[in-house]
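Take a look at the structure set out below.
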Amino acid sequence: MGSHAIEALFRAERARVLATTIRVTNGDFELAEEAVQDAFAAAVEAWRDAVPAEPRGWLVLAARNKAIDAIRRRIKLRQIVAAEEPAEPASAATELVAVPDDRLRLIFTCCHPALAPEAQIALTLRTLGGLTTEEIARAFLATPATMAQRLVRAKTKIKAARIPYEVPEASQLPERTDAVMRVIYLVFNEGYAATAGDAWIRRDLTAEAIRLARLLVELLPVPEAMGLLALMLLHDSRRDARTDAAGDVVLLEDQDRSRWDRAQIDEALALVPPALVGGAGPYALQAAIAALHASAKAAGETDWPQIAALFERLLQRTPSPVVALNHAVAIAMAHGPAAGLPRIDALREQLATYHLWHAARADLLRRLGRTAEAAAAYRDALALVGSEPERRFLERRIAEVTRASVR
Amino acid sequence: MQYLCLIYDEESAWKRMSEAESGQMFGEYMQFSKDIKESGHFIAGEALQSVTTATTVRVRDGKMTMTDGPFAETREQLGGFYLIEAKDLDEAAKIAARIPSAKIGSIEIRPIQKFDM
C-alpha cells in the first residue's frame, strides 16, 4: 500500500483506535496517544508489502499492546523504587473481542462539564477531529504553545480528578448530550461566522463540526442531534452564495440559489422530520426554519407564515431578545411591515446596542416608505457594526434611502 | 478514589435564616451524613468555626508570617468539608450535590493526591 493510502487510512481510523486505547489505559489520554502513534509507526513498517485483512483490528491490537507495555514498564519502575506488590492494570485483563466503538465515550469525556469550555473544544478537535495542535491554535487565534498547554492541562485533569471514560447514565444523558452539541455548534460557528483568521482553517472547522455531528447521530440518534446536523448542513449549503466576489455579504433574499449545495440540502431535509419528533428542541426548530428557506425556489416563495410560527415555538423553548427579533421580522415578512414594527419597537430597551436590531427596524421603515426614519436607523446600525462587509452593506442602504427621500 | 468536598457558603446567609430554617438545614446535614456513612462513601467530615477565627500562615525566606483571616476574601467562606470515597468524578459530584449547602453556596471538589511511598 502506498504511503498516501496508509495516511488516509490512519486519518479515517485514528479517532476509533484512540477511543478504544483510552479505555485500555483507563482514561490516560497522554499514554493512549503515544501508543496509537507507535502503532501507526509500526504499521507503516509492517504493511509495506500487504495490508492486513482487518486494518482497524490490527491497529487497535498494536496500540493496546504498546499501551500495556508502557503500563508494565511504569509498574516495574515503581516496583524498583518502592519494592511493593504492583496492582495489575485493570484493563490488561480486559479482552478485546471484535473492536467495539468507543468514540461515544470519548465524545462525552472530551465535553465533560468539569473541563473548561475552551478546553472541551480543543480536546474534541484534537482527539476526535484529528486536527493538529497547530491547526487548532490557528483556528482560535492562539499560539501553539498556549494551545498545547491547554490540551495538557485538560488531559491531566481527566486523569487526576478521574473524570469517567463512560457514556453518562440515563439521568445525566440529556444534559450531557446538550453539552456535546454545544461544543459541536461552537466549533461550527467559529468556522461559519468568519469573524477573523485564516479562511482555509475556517472551512475546516465547519466541515469538522458537521463530521462530529454525523458521528453523534450515528452513535446516539436522538432527535436534537439530527436537528443540529440538519441545521449545520443547511447553513453550510449556502457557503458559496453568502458572499460576492468582493467578499461582501449577500443577504439570503438576494443570494443566487443555484449556488446552494443541493445534495447537502437534500440530506438535511431528510433529517428534519425525525428531528421534530417529540417536543422539538431548539436545534430542530432552527433546522426546520432553515429548511423552509432552503425549499423556496425564490425568495418571494418563502413560507413566512410557517417560519413565523416556528419562531414562536422557538421563543417559547428558548426565550431571548434575539429570537424575539427574528420572530418579529418573520411576522413582518408574513403579514407586512406594519405588523412587525411594533414588535421590534418593543425590544428597543433590550437590543439598543445590537446593530441588527437597528438594521431590521430600518428595513421595515424603508418598506413603509418612512425613508428619513429609515436612514436614521441605518446610521444607528452603522455606528454599532463591527465587520467591514456589513459596514459597506449598511452604507449602500443609507445611500439608497437617502436618494429615495430626496426624490 | 478519595475526594475532598469543600463547602463554601455565606456565613451571613446562615445568620439570616430563621430558627426553623436553620434547624431544617441542620437536620438535612445530619441525615446526609448518616446516609453517606451507611452507603460507605464517608471517610471524614467536619464543620468549621466562623471564618473570623481563620489564620493564614506563610513562610518566606525561612521566616514564618501569620495573618488574620482566610487566604482569599470572598463572599463565600469555607464552612466545612467531607472527605468521601467515590469511583469517579461523576459519582463524587452526585454526592456533593446532596450536601445541603449546595443549595445556598457551592461545593468545591478536590481529588486527593496519593503518594506512592
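Bear in mind these aren't lab numbers, they're just calculated from the coordinates by the rules spelled out. All values reported here derive from a predicted model rather than from experimental measurement. Cβ coordinates were reconstructed from backbone atoms using ideal geometry, including for glycine residues, and neighbour counts include every protein chain displayed.
Want the number for B:Gln2 to B:Met17: 0.36 nm per residue separation, take away the alpha-carbon distance, what's left?
Once the chain is fully extended between B:Gln2 and B:Met17, it gains 2.1 nm.
Could you tell me how many cubic angstrom of Cα convex hull volume the stretch B:71-117 has per residue?
Value for the stretch B:71-117: 105 Å³ per residue.
Counting only pairs 8 or more places apart or on different chains, how many lysine pairs in the protein assembly as shown have C-alpha atoms closer than 20 Å?
Here the count comes out as 20.
Under a GNM of chain A (C-alpha, springs under 10 Å), which listed residue has the highest mean-square fluctuation: A:Ala19, A:Ala207, A:Ala46?
For chain A, modelled as a Gaussian network with Cα springs under 10 Å, the answer is A:Ala46.
With each label point set 7 Å from Cα along the Cα-Cβ vector, what nm distance links A:Arg392 and B:Glu73?
5.4
Check which residues have an amide H placed less than 5 Å from B:Gly79's amide H, if you skip close sequence neighbours.
B:Ile7, B:Tyr8, B:Asp9
Relative to 2.2 N^0.38 Å, what does the C-alpha radius of gyration of the stretch A:205-331 come to as a ratio? Two decimals please.
Against the empirical 2.2 N^0.38 Å value, I get 1.05 for the stretch A:205-331.
Dipole of chain A, Cα-centred, from +1 at each Lys and Arg C-beta and -1 at each Asp and Glu C-beta, to the nearest 20 debye?
680
Find the centroid of the Cα atoms in the stretch A:221-235 and in the stretch A:270-299, then give the distance between the two in whole Å.
Using only Cα atoms to place each centre, the spacing works out to 9 Å.
From the Cα gyration tensor of the stretch B:5-117, with a ≥ b ≥ c the square roots of its eigenvalues, which class applies: rounded if a/c is under 1.5, or else prolate if a/b is larger than b/c, or else oblate?
Judged from the Cα gyration tensor, the stretch B:5-117 comes out oblate (a/c at least 1.5, b/c at or above a/b).
Run through every distinct alpha carbon pair of the stretch A:1-59 and return the Kirkwood hydrodynamic radius in angstroms, one decimal place.
Roughly 11.7 Å, rounded to one decimal.
Taking chain A as a Gaussian network, where each spring joins two C-alpha atoms under 10 Å apart, which residue of A:Ser320, A:Ser295, A:Ser171 fluctuates the most?
A:Ser171
What does the structure give for B:90-98 when I average, per residue, the other chain Cβ atoms found within 10 Å of the residue Cβ?
3
What are the extents of the Cα atoms of the protein assembly as shown along their three principal axes, in Å, largest first?
The Cα atoms of the protein assembly as shown stretch 93, 80, 52 Å along their principal axes.
Could you work out how much longer the chain between A:Ala246 and A:Glu166 gets when fully extended? Use 0.36 nm per residue separation minus the Cα distance between them, nm to one decimal.
24.0 nm
With the convex hull built on the Cα atoms of the stretch A:361-407, state its orientation-averaged projected area in nm².
Convex hull of Cα atoms, orientation-averaged projection: 2.8 nm².
How large is ³J(HN,Hα) for each residue in the stretch A:334-347, as worked out from phi by the Karplus curve 6.51 cos²θ - 1.76 cosθ + 1.60 (θ = phi - 60°), to whole Hz, x for Gly and Pro?
7, 10, x, x, 5, 6, x, 4, x, 5, 5, 4, 5, 9
With θ set to phi - 60° and the Karplus curve 6.51 cos²θ - 1.76 cosθ + 1.60, what are the ³J(HN,Hα) couplings of the stretch A:130-143 in order, to the nearest whole Hz, using x for Gly and Pro?
With coefficients 6.51, -1.76 and 1.60, one gets x, 5, 7, 4, 5, 5, 5, 4, 5, 5, 10, 6, 10, 6 Hz.
Please give me, ordered by residue number, the trypsin sites (Lys or Arg not before Pro) of the stretch A:278-351 that lie in loop per DSSP and have at most 10 other Cβ atoms within 10 Å.
Loop-located and lightly packed - A:Lys297.
What chymotrypsin sites (Phe, Trp or Tyr not before Pro) does the stretch B:40-117 have in DSSP loop regions with at most 16 other beta carbons within 10 Å?
Those satisfying the criteria are B:Phe71, B:Phe115.
Viscosity 1.567 mPa s, temperature 4 °C: give me the Stokes-Einstein translational D for the stretch A:106-169 in µm²/s, with Rh taken as the Kirkwood radius over C-alpha pairs.
110
Based on the alpha-carbon gyration tensor of the stretch A:108-216 and its eigenvalue square roots a ≥ b ≥ c, which shape applies: rounded if a/c is under 1.5, prolate if not and a/b is larger than b/c, or oblate?
Oblate, since a/c reaches 1.5 and b/c is not below a/b.
Counting every Cα pair in the stretch A:308-361, what percent are over 16 Å apart?
34
Hey, any idea what the orientation-averaged projected area of the convex hull of the stretch A:314-407's Cα atoms comes to, in nm²?
Taking a quarter of the hull surface, the average projection is 6.1 nm².
Over chain A, with a Gaussian network built from C-alpha contacts below 10 Å, which listed residue (A:Ala280, A:Ala299, A:Ala230) shows the highest mean-square fluctuation?
Between A:Ala280, A:Ala299, A:Ala230, it is A:Ala299 that shows the largest mean-square fluctuation.
For the stretch A:118-222, state which GluC sites (Glu not before Pro) are in a DSSP loop and have at most 12 other beta carbons lying within 10 Å of their beta carbon.
Filter output for the stretch A:118-222: A:Glu169.
Would you pull out the residues with amide H under 5 Å of A:Thr243's amide H, same chain only if 5 or more places away, H placed 1.01 Å from N?
Counting only residues 5 or more places away or on other chains, the set is A:Val250.
Peptide A:160-166: average number of partner chain Cβ atoms within 10 Å per residue?
5
Tell me, how many Å apart are the Cα centres for the stretch B:21-82 and for the stretch A:337-398?
55
Strictly greater than 11 Å: what percent of every Cα pair in the stretch A:218-257 meets that?
Everything past 11 Å amounts to 67 percent.
Quick one: which residues, 5 or more positions from B:Gly45 or on another chain, have an amide H under 5 Å from its amide H? H modelled 1.01 Å from N in the peptide plane, none for Pro or chain starts.
B:Leu83
Hey, how much of the P(r) for the stretch A:257-365 falls beyond 19 Å, as a percent of Cα pairs?
50
Explain nothing, just compute: Karplus ³J(HN,Hα) = 6.51 cos²θ - 1.76 cosθ + 1.60, θ = phi - 60°, for every residue of the stretch B:57-63 in order, whole Hz, x for Gly and Pro.
Ordered by residue, 3J(HN,Hα) equals 10, 9, 10, 10, 6, x, 9 Hz.
For A:Glu267 and A:Ala193, what is the calculated FRET efficiency with R₀ set at 25 Å and r taken between the beta-carbons, to the nearest 0.05?
It comes out at approximately 0.65.
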